[in-house]
Structure formats: C-alpha cells, structure tokens
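Working notes for the structure below.
The values are calculated or read from the model by the stated rules, or taken from the named source; none is laboratory data. Being a predicted model, the structure only gives us computed values, none of them experimental. Neighbour counts run over all protein chains shown; Cβ positions are idealised from the backbone, glycine included. Ligands, DNA and RNA are excluded from the accessible area calculation, which covers all protein heavy atoms including side chains. Shrake-Rupley method; radii C 1.70, N 1.55, O 1.52, S 1.80 Å.
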Amino acid sequence: MANLADEYGTDVEVYIKALTTTIHADTPTGAPAELHDLLEQLGLERHEYPTDAPLYIWHTVPEHLDADEQKRLATRAIPALLLAGYEVNCTPDVFDEATYRQAVHDIRTRAARPAAQQPAPAGSPSRPAPARRTP
C-alpha cells in the first residue's frame, strides 16, 4: 500500500484513490494519535491495516455521502488541520475553493467571538465587616 504522506513528507495528503471514487486522507507512518483523533472529529473514518498491529493508518470520507458532499467534507477539514499546525496537501480534484473560504470564515468567526463573560467569583469583602458591639 502506498502512503502518499510518507512519500511527500506531509502530515496529511488528501486525494481520490486511483480507480475509485473514495477520498483518502493519508497520514505518515507513526503520526501522532492527536492527528488521527482530529481527522475523526472532522468527520473522516479511520482505517488500519493490519488490524492486529496497525502499521498503516488512513482515513476516508464517508462513502454514504454524495460526491459533492464528500469533497466539501474533505475541504472543510483543511483549515482546522492547518490551524492545528499540520502540513496538508489536497489534490485539485478534491479541493473546493468556496467551501474552503467558508470554513476559514467559520473558524475566524468562532475565534472572534468574545468568551462568555464569567461573573467575578464571590470572595470575601475587601474590608472586614465591623464587629458588633453588645450594649
């Protein structure tokens, strides 16, 4: 099995597998678990071979989606991967410019939203209350 991420020295190679319509996302041999987890969080399905001792791990876009939605899902994953610090290469037959721009916009919008303001924790008053005097 060819691993394009190993071949090209990238963290993720997104492409359509030859002689199929399946969109693959190859990761290099020994890629960190965080990368595999992120790909799964982004909607890609994880595969391993052999199953008893994973030597080759790759991800695919779910095949139950139509071809355009598969391309959109793969393209939407790219900005999140780049933001996480991974080097990504995507072939032109998968990449969708409008979807990419929207995904970038969505990430920027989420990042620009101010965090919900938390009320200040109830602490002791800055000045102790005066002691009560009994007459």
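Report yes if some residue within segment 112-120 is assigned to a helix (DSSP H, G or I) and either on the phi < 0 side of the Ramachandran plot or at pLDDT below 50 (or both); otherwise report no.
First, pick out the residues of segment 112-120 that are assigned to a helix (DSSP H, G or I): 112.
Adding the requirement that they be either on the phi < 0 side of the Ramachandran plot or at pLDDT below 50 (or both) leaves 112.
Yes, some residue in segment 112-120 is assigned to a helix (DSSP H, G or I) and either on the phi < 0 side of the Ramachandran plot or at pLDDT below 50 (or both).
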- Task: Inspect all residues belonging to segment 44-57 and state whether any of them is under 19 Å from LEU82 (Cα atoms), surrounded by fewer than 17 Cβ atoms within 10 Å (Cβ to Cβ), out of contact with any Asp or Glu (no Cβ under 9 Å at 6 or more places or on another chain) and not acidic (Asp, Glu).
- Result: no
Going through segment 77-94 in order, the residues found to be without any contact (Cβ under 8 Å) to a residue 60 or more places away in the chain and open to solvent by 40 Å² or more (accessible area, probe 1.4 Å) are LEU82, LEU83, ALA84, GLY85, PRO92
THR29: passes all of (1) within 19 Å of the chain's Cα centre (by Cα); (2) open to solvent by less than 60 Å² (accessible area, probe 1.4 Å); (3) at pLDDT below 95 but (2)
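Hey, can you tell me all the residues within segment 75-94 that are outside any loop (DSSP other than H, G, I, E, B) and closer than 19 Å to GLY9 by Cβ? Talk me through it step by step, then tell me what you get.
Narrowing segment 75-94 to residues outside any loop (DSSP other than H, G, I, E, B): 75-83, 88-90.
The answer is ILE78, LEU81, LEU82, VAL88, ASN89, CYS90.
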Scanning segment 33-50 residue by residue, those assigned to a loop (DSSP other than H, G, I, E, B) and either at pLDDT 95 or above or of a type in the set (A, V, I, L, M) (or both) turn out to be LEU42, GLY43, LEU44
